[in-house]
Amino acid sequence: DTGVSQDPRHKITKRGQNVTFRCDPISEHNRLYWYRQTLGQGPEFLTYFQNEAQLEKSRLLSDRFSAERPKGSFSTLEIQRTEQGDSAMYLCASSPDRDYGYTFGSGTRLTVV
Amino acid sequence: RKEVEQDPGPFNVPEGATVAFNCTYSNSASQSFFWYRQDCRKEPKLLMSVYSSGNEDGRFTAQLNRASQYISLLIRDSKLSDSATYLCVVTRNSGNTPLVFGKGTRLSVIA
C-alpha cells in the first residue's frame, strides 16, 4: 500500500485519558501534516513536519497536544487528559513539496465520552 | 474575515446539469490553490490544482482571479457520483506554510 496510513481508525476514550495516534506517510514525502475536522467544518491545521523538524504549530494545539516525527518517518499525535471537545476526526497528510497538494490518510475518529 | 469562504450549500442539481462553486480568500499573498473533494465520512482527496490561466480536467474547470481573490469550480454534465463536499484550499502565503481549507460546499446530484 503506497498511501498514507493512520492507526487506529476509531478510538473511543473516557474523558481524562491519554490517546496516541500514528501516521505513516508516503515514503518519498518529506512533509507531514496533522489536521482536525469536526462535522460541517473543513480540516483545521494543527501542526506539520519537514523531515523530523516540527516547523509550525497552530494555536489550536494546546499544551495537552504533542506531536513527534522521529527520524522523519512515521509521526505520532498524543492528546493528554482528553476532553469532550477533542472529539473529532484527526487527519494526517503528506506531500513531497510545498507546491503540491496533500495526500490524506483515512483519519482517526476520536470520541471522548 | 475568514481566510477562505465558501457557500456551504447544499446545491441540489439534476443529473446532466452544470453547476459552479465560488470561493474567496483573504490573503493576497496566497500562492497555491486547490479544489479537494470529500465524500461523507471519508478523507479529502485532491480534485485539481488551480492555475492563474485556468485549467480543465474533463468535466471540471477551475478558474483563479487573483485581483478579486476569487476561485471557482465548474462541473459540467453532473453525474450522481459527483455528489460530495467540495473544499476550496489555499496556501496562507508563499513559502513553507500549510494549506488552509474552506468549510466546503455540499453538492447533491439527483436522478
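Summary of computed values
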{"read-out": "Size of charge dipole - the range B:15-96 - debye, nearest 20, with Cβ of Lys, Arg +1 and Asp, Glu -1, no other charges", "value": "200 debye"}
{"read-out": "Using distinct alpha-carbon pairs, which all enter the 1/r mean, Kirkwood radius of the range A:53-93 in Å", "value": "11.6 Å"}
{"read-out": "Rounded to the nearest 10 Å², the accessible area of A:Asp24 at probe 1.4 Å", "value": "50 Å²"}
{"read-out": "Proximal aspartates and glutamates relative to B:Lys103, as straight alpha-carbon distance under 17 Å, when same-chain residues fewer than 8 apart are discounted", "value": "A:Glu44, B:Glu3, B:Glu5, B:Asp7, B:Asp39, B:Glu43"}
{"read-out": "Links that overshoot a 29 Å alpha carbon limit, given the list A:Lys71/B:Lys2; A:Lys11/B:Lys45; A:Lys57/B:Lys42", "value": "A:Lys71/B:Lys2"}
{"read-out": "Rg/Rh (Cα only; Kirkwood hydrodynamic radius) as it applies to the range B:34-75", "value": "1.02"}
{"read-out": "Whole-number percent relative contact order across chain A, with pairs defined as alpha carbons under 8 Å at least 6 apart", "value": "37 percent"}
{"read-out": "Estimated translational D of the range B:20-96 in µm²/s (Stokes, Kirkwood radius over Cα pairs; 37 °C; 0.692 mPa s)", "value": "253 µm²/s"}
{"read-out": "DSSP bridge pairs, chain B: antiparallel proportion in percent, nearest 5", "value": "90 percent"}
{"read-out": "Furthest towards positive pole of dipole, A:His29, A:Thr47, A:Ser58, structure part the range A:20-61, Cβ charges", "value": "A:Ser58"}
{"read-out": "Debye, to nearest 20: dipole size of the range A:1-108, +1 on Lys, Arg Cβ, -1 on Asp, Glu Cβ", "value": "420 debye"}
{"read-out": "Total formal charge among the other residues, if their Cβ is under 10 angstrom from that of B:Tyr36, Lys/Arg +1 and Asp/Glu -1", "value": "+1"}
{"read-out": "Where Rh is the Kirkwood radius over Cα pairs, Rg/Rh for chain A", "value": "0.95"}
{"read-out": "Extreme residue, positive dipole direction of chain B, given options B:Ala29, B:Cys88, B:Ala17 (C-beta unit charges)", "value": "B:Ala29"}
{"read-out": "Per residue value of the accessible surface for the protein assembly as shown (all protein chains in place, 1.4 Å probe), Å²", "value": "50 Å²"}
{"read-out": "Contact surface A-B: accessible area buried, both sides summed, square angstrom, 1.4 angstrom probe", "value": "1700 Å²"}
{"read-out": "Protein accessible area in the protein assembly as shown, 1.4 Å probe - carbon and sulfur %", "value": "45 percent"}
{"read-out": "GluC sites (Glu not before Pro) restricted to DSSP loop in the range B:1-31 with at most 15 other C-beta within 10 Å", "value": "B:Glu3, B:Glu15"}
{"read-out": "Calculated Rg and Dmax of the protein assembly as shown using C-alpha coordinates, Å", "value": "17.7, 51"}
{"read-out": "Number of partner chain Cβ atoms within 10 Å, mean per residue of B:56-68", "value": "0"}
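The values are calculated or read from the model by the stated rules, or taken from the named source; none is laboratory data. As the structure is a computational prediction, the values presented were derived from the model and not from experiment. A quick note on method: Cβ atoms are made from the backbone with ideal geometry, for glycine too, and the neighbour counts reach across all protein chains shown. Ligands, DNA and RNA are excluded from the accessible area calculation, which covers all protein heavy atoms including side chains. Shrake-Rupley method; radii C 1.70, N 1.55, O 1.52, S 1.80 Å.
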